[in-house]
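Participant: Got a structure for you, written out below as structure tokens; questions coming shortly.
The values are calculated or read from the model by the stated rules, or taken from the named source; none is laboratory data. Computed from a predicted structure; not experimentally measured. As a convention, Cβ positions derive from the backbone with ideal geometry for all residues, glycine included, and neighbour counts pool all protein chains shown.
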Amino acid sequence: MSEASVCKKILLSGQAGFRVHYCESHRTIELELGAMSLRLDEDALMLMRDALDSSVTKLEALHATRGSFRAFMRQLNMPD
């Protein structure tokens, strides 16, 4: 095995059941989600970050809207 093919991984983030490694040799990011892993290049990670940021923003707005609606309905003494 040549030295160029050996991964030099750096742990970027780690929590129970979820880790993010960066391989300096291959310039790839590896996401470990439990028993599943996903390898991405740097551009794909940036696209994923943008998509997740947008999704989180929309999900928060959805929850805020539903919370406001429920509060409004409670003021009217009406069930959701």
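Participant: Regarding the stretch 45-67, can at least one residue be identified that is touching a residue at least 12 places away in the same chain (Cβ under 8 Å) and either in contact with a strand residue (DSSP E or B) (Cβ under 7 Å, 6 or more places away or on another chain) or in a helix (DSSP H, G or I) (or both)?
Facilitator: Looking through the stretch 45-67, at least one residue is touching a residue at least 12 places away in the same chain (Cβ under 8 Å) and either in contact with a strand residue (DSSP E or B) (Cβ under 7 Å, 6 or more places away or on another chain) or in a helix (DSSP H, G or I) (or both).
Participant: Follow-up. As an exercise: evaluate GLN15 against (1) at pLDDT 90 or above; (2) surrounded by 10 or more Cβ atoms within 10 Å (Cβ to Cβ) and give the number of the one condition it does not meet.
Facilitator: (2)
Participant: Taking the stretch 29-44 only, how many residues are surrounded by 10 or more Cβ atoms within 10 Å (Cβ to Cβ) and assigned to a helix (DSSP H, G or I)?
Facilitator: The qualifying residues number 2.
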